[in-house]
1. State the number of residues belonging to the stretch 337-378 that are open to solvent by less than 10 Å² (accessible area, probe 1.4 Å), in a helix (DSSP H, G or I) and among the small types (Gly, Ala, Ser).
2. Just to confirm my filter: which strands (runs of 3 or more DSSP E) fall fully inside the stretch 31-118 and include at least 3 residues that are open to solvent by 10 Å² or more (accessible area, probe 1.4 Å) and within 24 Å of Arg368 (Cβ to Cβ)?
3. Across the stretch 136-179, what is the number of residues that are at pLDDT below 85, part of a loop (DSSP other than H, G, I, E, B) and buried (at least 22 other Cβ atoms within 10 Å of the Cβ)?
4. Among the strands (runs of 3 or more DSSP E) contained in the stretch 215-282, which hold 1 or more residues that are open to solvent by 40 Å² or more (accessible area, probe 1.4 Å) and farther than 22 Å from Ala193 by Cβ?
5. Given the conditions (1) open to solvent by less than 50 Å² (accessible area, probe 1.4 Å); (2) over 27 Å from Asp82 (Cβ atoms), which single one is not true for Ala437?
6. Would it be correct to say that Ser387 is modelled with pLDDT of 95 or more and more than 30 Å from Lys110 (Cα to Cα)?
7. Return the pair list, or none, for Cβ contacts closer than 9 Å from residues in the stretch 376-394 that are of a type in the set (Val, Ile, Thr) to residues that are outside any helix (DSSP H, G or I), at least 6 apart or on different chains.
8. Please find, within the stretch 400-414, the residue that is farthest from Val375 (Cα to Cα) out of those that are out of contact with any Ser or Thr (no Cβ under 7 Å at 6 or more places or on another chain) and either surrounded by 15 or more Cβ atoms within 10 Å (Cβ to Cβ) or aliphatic (A, V, I, L, M) (or both).
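The values are calculated or read from the model by the stated rules, or taken from the named source; none is laboratory data. Quick caveat, the model's predicted, so the values are computed rather than measured. Positions of Cβ are generated from backbone atoms using ideal geometry, with glycine treated the same way; all protein chains shown enter the neighbour counts. Heads up: the accessible areas ignore ligands, DNA and RNA and are worked out on the full protein's heavy atoms, side chains in. Shrake-Rupley method; radii C 1.70, N 1.55, O 1.52, S 1.80 Å.
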Amino acid sequence: ASAQFQLAVPVALVFAPGSVPGDLPRPLPFRDVQEMELSVNLRTTVTSRYETIYRSTTAQEEAALGAATAREADAALHLLQDTSLGSLTVYVVPETSSLLPQGISVYVGKHRSALVRAGGGLAALRPRLQQLTQVMSFTASSITAALSDRVPDGQLGPDARRHLKSSLGYEITFSLLNPDPKSHTVEWDIEEAVNRYVQPVLDKLSLVANFSVDSQILYYAVLGVTPRFDKESSSFLLSTHSLPHVINPVEARLGSSAASLYPVLNFLLYVPERSHSPLYIQDKDGAPVSTNAFHSPRWGGIMVYNVEAPSSPQASLPLHVEVDMVRVMEVFLAQLRLLFGLSREELPPEFLLERPGNEGLADWELDRLLWAHTVENIATVSTTLTSLAQLLDKIGNIVIKDDVASEVYRAVASAQTAMAELATGHLHSAFQASKEAVTSSERAFFDPSLLHLLYFPDDQKFAIYIPLFLPMAVPILLSLAKIVRETRQRKKEPTKMD
C-alpha cells in the first residue's frame, strides 16, 4: 500500500536583542516554510515541513535569558513557551553571550527549546538550525527505521532494527540470576530501585504505551556458555561472539514472554558462580567492557555482577551479597533508552545536550519517539488492512459481520485523521489517532469469524461430502431410474379395454 506522509513541525525562531541578523528577508515578525523530501521507497514518500515563525523576544523571555547559566535559562523559558508536543522554540542569543560555555554554539535543553549563538547572519545560521531541528524532531534515519518493514535492508542504518516495534503496551521483567546459592546469598532491593529510577522514565513514556513491571529471582540458572579462563588477569572472560549463545538457555528459564500479549523487555542481573568468578565481558577488540553488560536488540540486556572474594579463605559460605542498585540501574536505564531508540546521535562538538536528569528522557526525545511511532503505526495499519483485503479477496464466500466492517471503517478513518493531524503539526492528536487505528485494524484482522480455516474452497467441500452422500445416493438414483423406466413403459402400453 502506498503512503504519502507529510510531517509538519512548528518552529519558533526567537531573536534576543543584539542577535538579529542583518540579512533577514523582511522585518520581524514573519513566517517561512521549508520543505524537505525523504525518499523511503517507490510507494512511500515522506515530506517534512518546518513551519517557522521568526520573531523578537518578549520582555519576559528577555529576562529569562538574563539567567546565569543555560540550564537556569532553559528552566525559566520553559514556563513561557508553547509546550504542545512536537513544537520547537529556538532562541538566538548574541555572539558575546556568556550563557553558552566557551566553544559551544548550540545548547539543547531538556524541554522543547534550544539556545543558539548568533554569528555570520541568517545564511550561516540556517544549516545549524536545520541540523538542530532534525535532532529535536526526526531525521531521515529515524523515519526510515520506523518504516523498516517497507525499506530494503541495504538502505537501513545499523541501528534500525535495534529499536522495539511500536506497541500499545510493554512488559518489563527484572530478573536476578543466582546460579550458585550455596556460595552466595544475593539480596537486591528491586522495588525501591524501580520506584526511584525506572518509574519516572515510565511515567514520561506513559503517553507512548502502557507499561507493567515485575521482577523475579532465579536460582541455579546458568549461562549457556562456559567462560574462558585468562591466566594473566586470573579471571574468566566471555567474548563477543559467544554472547548470542548466552540468551537462549537463560530465556528458557524466564518464562515471561509465553503468556504475554505485549513485547517483553528482559533485564537480567547475573551473579557468576564462585568457580567462574570474577567474570568479565570482552568487546570485539578483546578489551573488557566498562559496564560488564551487553544488550540484545528488541530483547533486553544482561549485566554480570561480580562478587568480591572473601578476604580470608575460612569465611563461612554462603556469602551475603547486597547489590549496589544505583550501578545496576544506571546500566539498565541506558539499555532501556537503546531499546526505545533514544540513543543520542553523533553530534558536532559545538553541540551541548542537557542531561535529562531523573526523568530519563527530555521532552523533545519523547516527541522524537512519538513522531517515529505515529508514522510506524500508520504504516502498520496500512499493511494490516491490505493483508485483510487480500484474505477477503481470496475467500469469495467469507461472511463479514457488521462489527468487523465498522472496525475496518474506524481504522481507515483514524489513520486518515492521523495523517491529517501530522500534516498540520498536531503531534499529540496524530499519535492518539494512530493508536486507535492500530487497535481497530487488529480487532478486525484477528476477529474469530474471519479465521480462514472456517471457510473451505468448493473442491474441498466436494472431497469431504461425496464419500458421505454417495453410498446413500446410489440406491436412490437407481430407484429413480427404475421409476422413470416404468413410467415410460406404462405410457407405451395400450390401455386394456373391457
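1. 0
2. Working: elements: 44-56, 88-93, 106-108, 113-117.
Passing ranges, in order: 44-56.
3. Of the residues in that region, 2 qualify.
4. It comes to 228-230, 279-281.
5. Ala437 satisfies all of (1) open to solvent by less than 50 Å² (accessible area, probe 1.4 Å); (2) over 27 Å from Asp82 (Cβ atoms) except (2).
6. On the way: modelled with pLDDT of 95 or more: no; more than 30 Å from Lys110 (Cα to Cα): yes.
So Ser387 fails the test.
7. From the stretch 376-394, the pairs are Ile378/Ala3; Ile378/Phe5; Thr380/Lys165; Thr380/Ser166; Thr383/Ala1; Thr386/Ala1.
8. For the stretch 400-414, the residue satisfying everything is Ile400.
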